[in-house]
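Okay, structure first, notes after.
The values are calculated or read from the model by the stated rules, or taken from the named source; none is laboratory data. Values in this document were obtained by computation on a predicted structure and should not be read as measured data. Cβ sites come from the backbone with ideal geometry, for glycine too, and all protein chains shown count toward neighbours.
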Amino acid sequence: MRMSLLRHAVQQEPFAELSRFRCEFYSCLTRRADALFELADAVLCADGPVRSLVELSSAPTVQDAVVQTP
């Protein structure tokens, strides 16, 4: 049982760290924070280099994935 709990904690640690980073990043944004945060997500989710903002309109985002999840 103890090993199972340890494995669970180790698996959750990277997600907790990512969550903290995302919260800190969001707190650095001032005006249009939601739009800039979604733009950053789109850049990170793009299949390759982003050459223009228009390309991002077809890139999947985290929000899209949440909406599509049944």
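Condition first: in a loop (DSSP other than H, G, I, E, B), β-branched (Val, Ile, Thr) and modelled with pLDDT of 75 or more. Now tell me which residues in the stretch 42-70 satisfy that.
Filtering the stretch 42-70 for residues in a loop (DSSP other than H, G, I, E, B) gives 46-52, 59-61, 69-70.
Okay, now just the ones that are also β-branched (Val, Ile, Thr), so 50, 61, 69.
VAL50 - this is the single residue of the stretch 42-70 that is in a loop (DSSP other than H, G, I, E, B), β-branched (Val, Ile, Thr) and modelled with pLDDT of 75 or more.
Between a first residue in the stretch 1-28 that is within 19 Å of ALA42 (Cα to Cα) and a second residue that is at pLDDT 65 or above, which pairs have beta carbons less than 6 Å apart while being 6 or more apart in sequence or on different chains?
Qualifying pairs under 6 Å: TYR26/PHE37.
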